[in-house]
């Protein structure tokens, strides 16, 4: 699998994490226990740090990047959807970033919040706990998300990653 050091920036991947062979991890990236990085996802810690907590899934085609002054931090029990783009932002525990969405510099996604598919969360925007961010640019709908549902979705990816670690084989 393509895991690269870049100069003195070296990824740290917990042995219980799963990184698909077709994902790319470069530089200053930390991936926590039971987290998963799926095919085509790119985590590029060349200019800044990327930290992924435990039991978090970074799904197919997602791009996670950071810049020197703004690390990208993704908490535990998070779901980062297919083709999402996160850069220089903070995603708290038990949050969901939907497919095809964009979360930009200094944005904060609080626990239990959901960024809807295709939404664009602008620089320095906060998505409060248990809220939904939707649209371009994103608007907020309060109390329209659930930590329990997100945690359940995160758990399903933990189980799937265990299956992949055990059963995936190249033909």
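The values are calculated or read from the model by the stated rules, or taken from the named source; none is laboratory data. The shown structure was predicted, so the numbers you read here are calculated from the model rather than taken from an experiment. Here Cβ is always computed from backbone atoms with ideal geometry, including for glycine, and neighbour counts include all displayed protein chains.
How about the stretch 36-79: which of its residues are at positive phi and under 12 Å from the mean Cα position of the chain (by Cα)? Of everything in the stretch 36-79, those that are at positive phi and under 12 Å from the mean Cα position of the chain (by Cα) turn out to be 55, 61, 77. Based on this model, can you work out whether residue 7 counts as within 25 Å of residue 149 (Cα to Cα) and either crowded, with 18+ Cβ neighbours inside 10 Å or at pLDDT 95 or above (or both)? Spelling it out, it is not the case that residue 7 is within 25 Å of residue 149 (Cα to Cα) and either crowded, with 18+ Cβ neighbours inside 10 Å or at pLDDT 95 or above (or both). Taking the stated definitions as given, is residue 112 surrounded by fewer than 24 Cβ atoms within 10 Å (Cβ to Cβ), part of a loop (DSSP other than H, G, I, E, B) and modelled with pLDDT of 95 or more? Answer is yes for this residue. Taking residue 129, is it touching a helix residue (DSSP H, G or I) at 6+ places or on another chain (Cβ under 9 Å), within 30 Å of residue 67 (Cβ to Cβ), free of Cβ contacts under 8 Å to residues at least 40 places away in the same chain and assigned to a loop (DSSP other than H, G, I, E, B)? Taking the combined requirement at face value, the residue satisfies it. Comparison of 124, 94, 163, 169 shows that the only residue that is in a helix (DSSP H, G or I) and either in contact with a strand residue (DSSP E or B) (Cβ under 8 Å, 6 or more places away or on another chain) or modelled with pLDDT of 95 or more (or both) is 163.
Set side by side, the residues 22, 60 differ, and just one is without any contact (Cβ under 8 Å) to a residue 60 or more places away in the chain, out of contact with any helix residue (DSSP H, G or I) (no Cβ under 7 Å at 6 or more places or on another chain), farther than 25 Å from residue 151 by Cα and part of a loop (DSSP other than H, G, I, E, B), which is 22.
Within the stretch 25-37, the set of residues being closer than 14 Å to residue 62 by Cβ and assigned to a loop (DSSP other than H, G, I, E, B) comprises 35 only. Please work out if residue 77 is part of a loop (DSSP other than H, G, I, E, B) and touching a helix residue (DSSP H, G or I) at 6+ places or on another chain (Cβ under 8 Å). Criteria met by residue 77. Taking first residues from the stretch 134-155 that are over 20 Å from residue 120 (Cα atoms) and partners that are surrounded by 14 or more Cβ atoms within 10 Å (Cβ to Cβ) and at pLDDT 95 or above, the Cβ contacts under 6 Å between residues at least 6 apart in sequence or on separate chains come to 147/94; 147/112; 151/77; 151/94; 153/79; 154/55; 154/77; 154/79. Please verify whether residue 35 is farther than 16 Å from residue 85 by Cβ and surrounded by fewer than 18 Cβ atoms within 10 Å (Cβ to Cβ), treating the condition exactly as stated. Judged against the criteria, residue 35 is not a match. Taking the stretch 3-13 as the range and being in contact (Cβ under 8 Å) with a residue 24 or more places away in the chain and part of a loop (DSSP other than H, G, I, E, B) as the test, only 11 passes.
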